[in-house]
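Structure first, then comments.
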Amino acid sequence: MKKILIILFAFTLQTTIAQDISIRTSAGFAGYGTPFDGVYFSFDVGFPIIDGVEIAPTFTFASNFENHKVKYYWNDINPKQYIINDNKNSGGKLSGLFELYLVLNPFKLFPKKQISKTDFGMGFGYGLSYYSHNYYNYNSPNGNHDFVGIMSETGIRKSASVKLFYNYHFKKYFIGINLGAIDLIHGEGQSLLGLQFGARL
């Protein structure tokens, strides 16, 4: 995996033309079951290889909205853990991904002026994901908020992601929308929907 990324990056540096490098940033909602469960931020730099094809190193951060204060203590007399100030299951997820995207932009192949002001990008990314997931399970049949269990999972793993975007250009700047799905390999992918801004150098 590391060798492939190094080779692709070296190839990009050797073949990139200085003009038309694109810097893009997008932000919006991340879906963890429904489209608006969380937020995301993404930043990438698109290096053109040939007309309509880019290599784009990309960083993405996504997290859900869960922000419960979960307080528990150990009862030495009756050895159980108790949850206080809450009465339902809770959890939180966040991911930080660094991936290398292959981006296809077929509108770049058309010479018409109106089409040249727009981008329609389709990309596939592969790389690494740092993730942290926390789950708290408990119940309170007698008002005691009995603690059932906690699971915390953190690590680094391979990731694969896809995205679509549409941009409209104003001279060197552009604005558009971004739609995608990240971290698909492990069956826990999150959807992304947001606004995209950027510039061409």
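Please enumerate the residues belonging to the range 169-200 that are in a loop (DSSP other than H, G, I, E, B) and either in contact with a strand residue (DSSP E or B) (Cβ under 6 Å, 6 or more places away or on another chain) or of a type in the set (A, V, I, L, M) (or both).
Filtering the range 169-200 for residues in a loop (DSSP other than H, G, I, E, B) gives 171-172, 183-189.
Within the range 169-200, Lys172, Asp183, Leu184, Ile185, Gly189 meet the criteria.
If I ask for residues that are part of a loop (DSSP other than H, G, I, E, B) and either at pLDDT 95 or above or in contact with a strand residue (DSSP E or B) (Cβ under 9 Å, 6 or more places away or on another chain) (or both), which ones from the range 17-32 would you list?
Ile17, Gln19, Asp20, Ile21, Tyr32 - these are the residues of the range 17-32 that are part of a loop (DSSP other than H, G, I, E, B) and either at pLDDT 95 or above or in contact with a strand residue (DSSP E or B) (Cβ under 9 Å, 6 or more places away or on another chain) (or both).
Given the criteria at pLDDT below 60, loosely packed, with under 11 Cβ neighbours inside 10 Å and more than 16 Å from Gly125 (Cα to Cα), does Ile77 qualify?
It is true that Ile77 is at pLDDT below 60, loosely packed, with under 11 Cβ neighbours inside 10 Å and more than 16 Å from Gly125 (Cα to Cα).
The values are calculated or read from the model by the stated rules, or taken from the named source; none is laboratory data. Quick caveat: nothing in here was measured; it's all calculated off a predicted structure. Here Cβ is always computed from backbone atoms with ideal geometry, including for glycine, and neighbour counts include all displayed protein chains.
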